[in-house]
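Chemist: Dropping the structure in here first, questions after.
The values are calculated or read from the model by the stated rules, or taken from the named source; none is laboratory data. On a predicted model such as this, the values are computed, not experimentally measured, just so you know. All Cβ positions, glycine included, derive from the backbone under ideal geometry; neighbour counts span all protein chains shown. SASA here: full protein model, heavy atoms, side chains in, ligands and nucleic acids out. Shrake-Rupley method; radii C 1.70, N 1.55, O 1.52, S 1.80 Å.
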Amino acid sequence: MADAEQWLIEAKTAWREGRLKDAAELYERVASAETDELRAGHARRHAAEIWIKNGQVSEGRAAIAWVMEVYRAQGVGGLELANALRVQGLAAEAAGELAEARAAWDEAGRLYEEVGVMEGVVEAKRRVAKMTAA
């Protein structure tokens, strides 16, 4: 798994440097190499977010759908699920699926509140309010 650890470091660096295509490809490489589904899901969640930010909505939606399926099946909760729901909300918004986006943001907001991540709560509320106003 040494390669995956190196790719993870390179992916984080690429994201910080704004090299989104490289970062997404590296995160996806990590996810594909992982034998642990939860670790793969964590990496694929990052790839999904980057794809969405890069305008690759269909790729982002497919990736986050896989992550959510794994997380729900394995009973993932708390901050990890909140972060995945955040990306699901971003993906649904980008695809114009506002009911799906709102549901994801509502659940993410509740989870962020449970774990005490107030910036997550604020972002979720802001996103829902923006959709409601539209």
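Chemist: Taking segment 101-119 as the search range and keeping residues that are farther than 22 Å from Glu69 by Cβ and under 17 Å from the mean Cα position of the chain (by Cα), which one is surrounded by the fewest Cβ atoms within 10 Å (Cβ to Cβ)?
Modeler: Taking the candidates together, the pick is Glu119.
Chemist: Now a separate question. Inspect segment 2-13 for any residue being more than 13 Å from the chain's Cα centre (by Cα), closer than 26 Å to Gly96 by Cα, of a type in the set (A, V, I, L, M) and surrounded by fewer than 18 Cβ atoms within 10 Å (Cβ to Cβ) and give the result as yes or no.
Modeler: First, pick out the residues of segment 2-13 that are more than 13 Å from the chain's Cα centre (by Cα): 2-13.
Pick out the ones that are also closer than 26 Å to Gly96 by Cα and you get none.
Taking every residue of segment 2-13 in turn, none turns out to be more than 13 Å from the chain's Cα centre (by Cα), closer than 26 Å to Gly96 by Cα, of a type in the set (A, V, I, L, M) and surrounded by fewer than 18 Cβ atoms within 10 Å (Cβ to Cβ).
Chemist: Criterion first (touching a residue at least 12 places away in the same chain (Cβ under 8 Å) and at negative phi) does Ala73 satisfy it? Don't jump to the end; show me each part of the working.
Modeler: On the way: touching a residue at least 12 places away in the same chain (Cβ under 8 Å): no; at negative phi: yes.
No, not satisfied.
Chemist: For segment 14-26, name all the residues that are open to solvent by less than 30 Å² (accessible area, probe 1.4 Å) and among the aromatic types (Phe, Trp, Tyr). Before you say what the answer is, go through the steps one by one.
Modeler: The first filter runs over segment 14-26 and keeps only residues open to solvent by less than 30 Å² (accessible area, probe 1.4 Å), leaving 14, 23-24, 26.
Correct list: empty.
Chemist: Related question: Considering segment 26-67 alone, what residues qualify as being outside any helix (DSSP H, G or I), of a type in the set (Asp, Glu) and in contact with a helix residue (DSSP H, G or I) (Cβ under 6 Å, 6 or more places away or on another chain)?
Modeler: Of segment 26-67, the ones outside any helix (DSSP H, G or I) are 34-36, 54-56.
When the remaining residues are screened for being of a type in the set (Asp, Glu), the result is 34, 36.
If the condition is that a residue be outside any helix (DSSP H, G or I), of a type in the set (Asp, Glu) and in contact with a helix residue (DSSP H, G or I) (Cβ under 6 Å, 6 or more places away or on another chain), then Glu34 is the only one that fits.
Chemist: Taking segment 27-55 as the region of interest, how many residues are open to solvent by less than 20 Å² (accessible area, probe 1.4 Å) and of a type outside the set (Val, Ile, Thr)?
Modeler: Matching residues across segment 27-55 total 9.
Chemist: I'd like to verify a number: residues in segment 76-104 that are in a helix (DSSP H, G or I) and without any contact (Cβ under 8 Å) to a residue 24 or more places away in the chain, how many? Please lay out each step first, then the result.
Modeler: Initially, segment 76-104 is screened for residues in a helix (DSSP H, G or I), giving 78-94, 98-104.
With the extra rule that they be without any contact (Cβ under 8 Å) to a residue 24 or more places away in the chain, the set shrinks to 99-100, 103-104.
Matching residues across segment 76-104 total 4.
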